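These notes concern the structure reproduced below.
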Amino acid sequence: MIEAIPESQVVGFIDPDQTVCRNPWCRLDFSVSSAEEAFQRGRNDQNFFWHFFLLRCPHPGQLQYLTEANASVNLLACSNRYGKTTMLAGRHFHDNVFKVGAEERYFDDDLSFNLDSFTRTRYRTVHTAGEWDQASEVWEDAQKLISESARLEAFVANIKRSPPYEIEFIHGAKWLFRTLGVRGSGIDGKSFYRLSIDEGGWILDLESMLHNVLLIRVADVRGQVDIVGTFKPGMAKDFFKLCVRASAATGAAIGFDHRSDDDGVEGLDLDAAIRKYAKQFGFDLDAEIEKARALGIVE
Ligand SMILES: [Zn+2]
């Protein structure tokens, strides 16, 4: 029952026998008449994939990120109860189930789906963080999602529950879980369609790591990097800089969710806290926004 979800539970649960979402902001009709229809619709429709295969209703913010954050490097700065863990897990599941981004390798010239090429296409994604404690949140959530949805479990061939942690899918895709290690050494020498980083704010050399390691790891398959985190006062300088730049480039406002996260803001509201925080780094957030406005980048 949607109504029974506590406020902290931002991702709504769906009963397997439901076909229309009960969330008032959603009301998605996800009824299908065949598995093939579900598979086809799930490839291009994130909201459908979440409801039908993950048995979750993404909230509007998550859905916006899932559908619109398709740059080489995508940033999400959010509060603690945003549901970033589940958002990242669902994003990797969608990639791996459909081998998203590798379409040219398994769709023939006439755009017909070639199952043989599909299963033979080597496909890897990786979820990382600076420390295993941080990376393991998505790992735990991924296993929970599998255990709670038979439709998702059907795609999973094997779960390696000891290092190196991995989820193997029935068509050969693999989702790896790693720590970044010194200067990104934990993921060196591999190629990924998606590389996600949780708690990006804790990584002090994030910017140089991005250019020297992370972008190289996704370059040859034109994959994507997701950097997710919260702004930590006294930390997160690189993460914050990257977010401000992304904001200026896309026009996406740096907004703050006041729901419940007072983590480290010492009694200030978040807008005030972030301005104070930005000034610690010599960053005048208002001036940056004014500059972007003058350039016509943001309204
Ligand atoms: Zn819904």
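Only the coordinates and a few stated rules stand behind these numbers; no lab work does. The model shown is predicted, which means the values in this text are computed figures rather than measured ones. FYI the Cβ positions are ideal-geometry reconstructions off the backbone, even for glycines, and counts take in every protein chain you see.
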For region 66-230, what relative contact order do you get, as a whole percent, if you take Cα pairs closer than 8 Å and at least 6 residues apart?
-> 30
Residues T125, T85, T19, sorted so that the one with the fewest Cβ neighbours within 10 Å comes first = T19, T85, T125
With r as the distance between the Cβ atoms of E153 and T19 and R0 = 22 Å, compute the FRET efficiency 1/(1 + (r/R0)^6) and round to 0.05.
-> 0.65
Least to most buried among V97, V20, V228, V182, by other C-beta atoms within 10 Å and fewest first, runs V182, V20, V97, V228
quick note, region 66-230, DSSP beta bridge pairs, % antiparallel (nearest 5) is 30
Please arrange E290, E207, E104 by counting, for each residue, the other beta carbons lying within 10 Å of its beta carbon, fewest first.
-> E104, E290, E207
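Please work out whether region 1-156 counts as rounded, prolate or oblate from its C-alpha gyration tensor, where a ≥ b ≥ c are the square roots of the eigenvalues and a/c under 1.5 means rounded, while otherwise a/b larger than b/c means prolate and anything else oblate?
On the way: a/c = 1.76, a/b = 1.22, b/c = 1.45.
Because a/c hits 1.5 or more and a/b fails to exceed b/c, region 1-156 counts as oblate.
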Coarse-grained scattering of region 66-230 at q = 0.21 Å⁻¹, given as base-10 log I(q)/I(0) from a Debye sum over alpha-carbon atoms = -1.52
Amide H to amide H, which residues 5 or more places from L76 or on other chains are under 5 Å from it, using H placed in the peptide plane?
-> I227, V228, G229
For T250 and D286, FRET efficiency with R0 = 25 Å and r from the beta-carbon atoms, rounded to 0.05?
-> 0.85
With x for Gly and Pro, the residue-by-residue ³J(HN,Hα) of region 152-165, computed from phi through the Karplus equation 6.51 cos²θ - 1.76 cosθ + 1.60 at θ = phi - 60° and given in whole Hz, is 7, 4, 4, 8, 9, 8, 7, 10, 8, 8, 10, x, x, 5
Amide H contacts under 5 Å for C26, placed H, 5+ residues apart = none
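Dipole size in debye (nearest 20) for region 66-230 around its Cα centre, Lys and Arg Cβ +1, Asp and Glu Cβ -1? Can you show the working numbers first?
Working: 19 positive and 24 negative charges, 56 e Å.
Magnitude of the dipole: close to 280 debye.
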In this structure, among K84/K174; K160/K237; K99/K160; K190/K237; K84/K241, pairs with alpha-carbon gaps over 29 Å are K160/K237
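Relative to the present Cα-Cα distance, how much length would full extension add between N114 and N80 at 0.36 nm per residue of separation?
Details: separation 34, 0.36 × 34 = 12.24 nm, distance 4.20 nm.
Separation in residues times 0.36 nm, less the Cα-Cα distance, equals 8.0 nm.
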Cα lying deepest toward the dipole's positive end in region 66-230, options N74, V225, G181, charges on Cβ | G181
Compute the length gained on full extension between E168 and K241: take 0.36 nm times their separation in residues and subtract their Cα-Cα distance, giving the result in nm to one decimal.
-> 22.7 nm
Point-to-point label distance, E68-D220, nm (Cα→Cβ direction, 7 Å offset) | 3.5
Extension gain R41-E140, at 0.36 nm per residue separation less the Cα-Cα distance, in nm?
-> 32.9 nm
